[in-house]
Amino acid sequence: MRFQLTEDQSALRAGVRELLDRRFGREALRAAVDAPGRLDRELWRALGDAGFFALRLPEADGGVGLGLPEAVLVFEEAGRALLPGPLVATHLAAGSVAGAATGETVVAAADGRLVEWLEAADVVRGAVAGAVPLRSVDPLTPLHRIPAPTPGEAAADRRPPDGGETHTAAGSRPAEASAHPGSGADPGAAGGEHAAGASAHPGSGGHPRAAAGGRAAGSARVGGGSARAEAKPRVGEAPGERRQATQPPAGTGTGAVGADGTGNPAPDPVAILLTAAEQLGTAVRVQELAVQHARTREQFGQPVGAFQAVKHLCADLLVRTETARVAVYAAAVTGDAADIAAARLLADEAAVRGARDCLQVHGGMGFTWEADVHLHLKRAWVRARRGGGGTESEELLAARLAA
């Protein structure tokens with residue numbers, strides 16, 4: 001079996017990269033960082049016009065009529081560009097939520113105990129009652145944490161009634177919280193005006209000891225563990241209502257109820273793979289940044305890339321990126337759950353460790369707010385906490401091997 005891209009696939013990837021370079025270049029990226037939590041609706045509609053969300057919809061339904069391999073290529077480019085927004089949730093909602101395919105409707109979805117872009121969404125899928133805003137380590141990914149059911153409360157009791165949508169006022173916001181993780185590739189502390197960086201334990205999990213960044217002081221780590229509430233008023237939200245979808249449409253998700261206590265379905269394998277594709281895009285970009293810096297930055301009269309330690313870091317970046325690429329592309333072809341789990345594990349490692357190594361190649365410059373390296377690292381941390389990563393994929397692979 002050959003995994004070379006066809007001419008149409010190469011043209012698709014090149015077209016998406018050109019679109020994102022034009023509509024979300026570095027100036028737009030930095031503008032988004034300076035206005036956290038605000039989703040660019042014009043950009044979202046431009047993505048819809050380009051077929052980003054309707055890519056896998058049949059042509060008879062107004063879609064592009066392509067498949068999962070093409071979606072992986074598109075999401076890889078989105079990850080490379082650090083494109084913000086609930087891309088995966090809106091893509092999966094195309095064809096079932098009105099306006100999602102065209103980018104007119106922004107769709108967020110509960111993912112275990114977390115939900116991204118809750119306040120910016122028009123439609124929210126899953127049970128998110130009582131969600132508490134978190135100080136996300138990534139300035140381009142606002143997060144809410146869904147509380148666990150209280151003792152005696154069944155997960156099903158938290159779902160809206162079947163058979164429709166409920167309208168929730170968007171003006172009432174619960175207390176803000178900082179959630180401390182127990183394990184996994186967790187983001188570290190956020191804070192400081194001009195610096196951003198991290199030092200992490202070795203290994204594939206990417207546990208940071210500390211990271212500086214963000215323009216507002218405070219700490220946040222996303223994932224399991226306890227939450228510490230801190231009262232904080234809601235700022236800058238216009239009055240209005242947000243629609244909350246009561247059930248995922250047929251054909252999405254596995255249908256199994258997740259073990260997070262929220263009653264939401266287990267992660268959709270397609271969502272897991274598209275997250276892996278975004279992580280692959282981050283791995284590609286940090287490899288490019290590291291190699292570019294190693295070639296142009298000079299110390300002791302020669303490029304820093306001439307030093308053996310830097311060569312090894314860049315070589316490791318390449319190996320992890322290409323290994324993840326093969327796994328992600330293969331999983332897009334087979335659609336097998338075990339292949340998707342393996343691809344997700346490799347892509348998470350390539351993104352998190354790759355961003356850390358890229359930061360190391362940049363040295364002190366990499367820790368500054370002005371450098372983009374910390375943005376890639378923080379996004380990789382947040383994506384790694386999405387459903388289907390880490391232990392979930394490891395257990396699925398172990399079960400498949402033991403079968």
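The values are calculated or read from the model by the stated rules, or taken from the named source; none is laboratory data. No experiment lies behind these values; they were computed from the predicted model shown. Cβ atoms come from the backbone with ideal geometry, glycine included; neighbour counts cover every protein chain shown.
Just a few scattered comments:
- Flag if Ala179 is crowded, with 20+ Cβ neighbours inside 10 Å, touching a strand residue (DSSP E or B) at 6+ places or on another chain (Cβ under 7 Å) and at pLDDT below 70: yes
- Of Ala127, Ala110, Ala121, all but one fail to be in a strand (DSSP E or B) and either aromatic (Phe, Trp, Tyr) or in contact (Cβ under 8 Å) with a residue 60 or more places away in the chain (or both); the exception is Ala110.
- Residue check, Leu82 aliphatic (A, V, I, L, M) and at positive phi: yes
- A single member of Val304, Val286, Val310, Val319 is at pLDDT 95 or above and farther than 24 Å from Leu87 by Cβ, and it is Val319.
- Odd one out for Ser96 among (1) assigned to a helix (DSSP H, G or I); (2) hydroxyl-bearing (Ser, Thr, Tyr); (3) over 29 Å from Leu289 (Cβ atoms): (1)
- Single residue of region 33-60 satisfying the filter (in contact (Cβ under 8 Å) with a residue 12 or more places away in the chain, assigned to a helix (DSSP H, G or I) and in contact with a Gly (Cβ under 6 Å, 6 or more places away or on another chain)) that is surrounded by the fewest Cβ atoms within 10 Å (Cβ to Cβ): Arg45
- If only residues of region 130-147 that are assigned to a strand (DSSP E or B) and in contact with a His (Cβ under 8 Å, 6 or more places away or on another chain) are counted, the one that is nearest to His374 (Cα to Cα) is Leu134.
- Qualifying residue in region 57-76 (condition: in contact with a Ser or Thr (Cβ under 6 Å, 6 or more places away or on another chain) and closer than 20 Å to Ala11 by Cβ): no
- Residue list for region 70-84, filter: crowded, with 24+ Cβ neighbours inside 10 Å and either of a type in the set (Asp, Glu) or touching a strand residue (DSSP E or B) at 6+ places or on another chain (Cβ under 6 Å) (or both): Glu76, Glu77
- Residue in region 93-101 that is out of contact with any helix residue (DSSP H, G or I) (no Cβ under 6 Å at 6 or more places or on another chain), surrounded by fewer than 24 Cβ atoms within 10 Å (Cβ to Cβ) and either aromatic (Phe, Trp, Tyr) or within 30 Å of Thr321 (Cβ to Cβ) (or both) present: no
Okay, residues lined up against (1) farther than 23 Å from Gln287 by Cβ; (2) among the basic types (Lys, Arg); (3) at pLDDT 95 or above:
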| position | (1), (2), (3) |
| --- | --- |
| Ala14 | no, no, yes |
| Leu20 | no, no, yes |
| Gly37 | yes, no, no |
| Arg41 | yes, yes, yes |
| Ala60 | yes, no, no |
| Ala89 | yes, no, yes |
| Leu92 | yes, no, yes |
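- Out of Leu346, Leu280, Leu313, Leu317, sole residue that is touching a Phe, Trp or Tyr at 6+ places or on another chain (Cβ under 9 Å) and part of a helix (DSSP H, G or I): Leu280
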